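Have a look at the structure below before the remarks.
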Amino acid sequence: MAGAAGDAGAAGDVSEERPRRALLNRRLDGLGTTIFAEMSALALRTGAINLGQGFPDTDGPESVREAAVRALRDGHGNQYPPGMGVPELRTAVTDHQKRFYGLDFDPDTEVLVTAGATEAIAAAMLALLEPGDEVIAFEPFYDSYAACVAMAGAVRVPLTLRAPDFRPDLDRLRSLLTPRTRLLLLNSPHNPTGTVLTRDELTAIAELAVERDLLVVTDEVYEHLAFDGEHVPLVSLPGMRERTVSISSAGKTFSFTGWKVGWVTGSPELVAAVRTTKQFLTYVASGPFQYAVAEALALPDTYYEDIREDLRTKRDLLAAGLADAGFTVYAPQGTYFITTDVAPFGEKDALAFCRALPERAGVVAVPNSVFYDHPDAGRTQVRFAFCKKQEVLAEAADRLRKAFARP
Ligand SMILES: *Cc1c(COP(=O)(O)O)cnc(C)c1O
């Protein structure tokens, strides 16, 4: 570490001329505030229906809420829980991986509980990347990916998913690989496009990862919200166990996005690496909620079927309303979101469209264009969340029809 005297001397030499440094470090240039903050503030100010940010307007199961209350009252998790997460939750995660995917993990060494998937993603990027490493991720990106890759000093390399079907171009993926490529950051079901990777696509990606000895981090927070197709964890494919960090979370599956309980599964070496950074981010989080999520994960299969069917119905309701209003609708295979195109209205810019939408129609949406490095690819794409009550979706569809549909 540089001595205090040395620091003082250096400052003395240049104090008059030195230009004022920007406060935010340069790695985070261009990552000021998330679009969700701007659009949610707009929703508040205008009273518009907020189909911007993806959170349900109905809480998850009453029994799970009660489990959290019981944990609080009984003093479970009110003090720092174990760094890896409470044993009940780690075991519930391994039981879940076995029940749904036939995967065997050791709850003591292969599961790490995190403050939501968000912390898991950050901890994984900070643990696994060296400055200058290249990370390939699908664009449009989930917004925290660009920030986490930047905080690790690494370089994001986008693989663009293009309308109308948003499939990954696997030849293009191969062509993006360089000697600096370290990691693939995958998200399926994919926010915002709703793409669910097929077994064939995943197999091709896995083969590439093995051939080039890449690490893979998979964001599977919508694992139970695949309406068409089937969610296949990449880690279940040959050669992937020792190179895959799988991330999921309770927020979307159980409609408790405020609880921030997520988890990482992977080999003991990978989990230990992620744990090293995670312990200095939050150390631990969400004590009592960990017990409640352990109970949630053990809910019967019917719970998981019902939430998927409920959201499928809502997807269909909003998709029909948007199509009626004249939007180009790209029906998603999964997630909470429908991507649309506003070019049929003569619009040229999704951000300007979304800023005007509350006044024009009383609805808030989010421009996908901000999730692309190649802005042309998504310039007129707008995302609507459908994880809302049916009557709210119906009202939003009605407003959009009145504002846009030609008689
Ligand atoms: C919501 C979301 C997350 C964040 O999950 P938390 O558990 O709330 O931190 C991560 N990735 C994607 C793709 C998401 O949509």
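Can you give me the number of residues within the range 276-292 that are within 13 Å of the ligand (Cβ to nearest atom), closer than 18 Å to Val93 by Cα and part of a loop (DSSP other than H, G, I, E, B)?
So the answer is 2.
Residues are listed down the side, and each one gets a yes or a no for (1) of a type in the set (Asp, Glu); (2) over 22 Å from His224 (Cβ atoms); (3) in contact with a strand residue (DSSP E or B) (Cβ under 9 Å, 6 or more places away or on another chain):
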| site | (1), (2), (3) |
| --- | --- |
| Gly116 | no, no, yes |
| Leu128 | no, yes, yes |
| Asp133 | yes, yes, yes |
| Ile136 | no, yes, yes |
| Tyr145 | no, no, yes |
| Pro192 | no, no, yes |
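For the subset of the range 365-387 comprising residues that are surrounded by fewer than 23 Cβ atoms within 10 Å (Cβ to Cβ) and touching a residue at least 40 places away in the same chain (Cβ under 8 Å), which member is farthest from Thr58 (Cα to Cα)?
Top of the filtered list is His374.
Could you check the range 38-70 and list, in sequence order, the residues that are modelled with pLDDT of 95 or more and among the β-branched types (Val, Ile, Thr)?
Ile49, Thr58, Val64, Val69
Of all residues in the range 182-192, count the ones that are open to solvent by less than 10 Å² (accessible area, probe 1.4 Å) and over 12 Å from the mean Cα position of the chain (by Cα).
2
Return a yes/no flag: does the range 128-148 have any residue that is buried (at least 21 other Cβ atoms within 10 Å of the Cβ), farther than 21 Å from Val370 by Cα, free of Cβ contacts under 8 Å to residues at least 60 places away in the same chain and of a type outside the set (S, T, N, Q).
The answer is yes; a qualifying residue exists.
Please verify whether the range 199-216 includes one or more residues that are in contact (Cβ under 8 Å) with a residue 40 or more places away in the chain, open to solvent by 10 Å² or more (accessible area, probe 1.4 Å), assigned by the TED database to the domain that holds Thr276 and within 19 Å of Ala273 (Cα to Cα).
yes
Go through the range 313-348 and report how many residues are touching a Ser or Thr at 6+ places or on another chain (Cβ under 7 Å), more than 18 Å from Arg379 (Cβ to Cβ) and in a helix (DSSP H, G or I).
Count: 1.
The values are calculated or read from the model by the stated rules, or taken from the named source; none is laboratory data. Here the structure is a predicted model, which is why all the values come from computation and not from measurement. With ideal geometry, Cβ positions are generated from the backbone for all residues, glycine too; neighbour counts draw on all protein chains shown. Surface areas here come from the heavy atoms of the whole protein model, side chains and all, with no ligands, DNA or RNA. Shrake-Rupley method; radii C 1.70, N 1.55, O 1.52, S 1.80 Å.
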